[in-house]
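First up is the structure itself, then whatever we jot down about it.
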Amino acid sequence: MNWLNWLQGKKTYLIMIIGFVFNLGLLTGWWTMDNSVWSFIDGILVFLGIGGIRSGVKSEVAKLQK
């Protein structure tokens, strides 16, 4: 699975870009959604981003402990 190896270290940036485009689209009117759907999707993106940051910190700590 080479594409999974390619994503190593890039997942948080990918989530950030998706979140930026999603919110920019909502602000500029590219698409419209019910406010509860918008909040739900934003919440998912926030938790995915936090999870990515936590994973990155954990892997860096593991590298430093070697």
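Derivation of every value follows stated rules applied to the coordinates shown; laboratory data play no part. Remember, it's a predicted structure, so these values are computed and weren't measured experimentally. Please note: Cβ atoms are built from the backbone with ideal geometry, for glycine as well, and neighbour counts cover all protein chains shown.
Each of T12, M33, Q65 was placed along the dipole of the chain (beta-carbon charges, centred on the mean Cα), and the one lying farthest toward the positive end is Q65. Pairwise Cα distances in segment 2-64 exceed 14 Å for 65 percent of all pairs.
Length available on full extension from K10 to N35: 0.36 nm per residue minus the Cα-Cα distance, which gives 6.0 nm.
What you get for the chain, charging only the Cβ of Lys and Arg (+1) and of Asp and Glu (-1), is a dipole of about 480 debye around the Cα centre. Simple spin-label estimate for L27 and I53 gives 1.9 nm between the two label positions (7 Å along the Cα-to-Cβ direction from each Cα).
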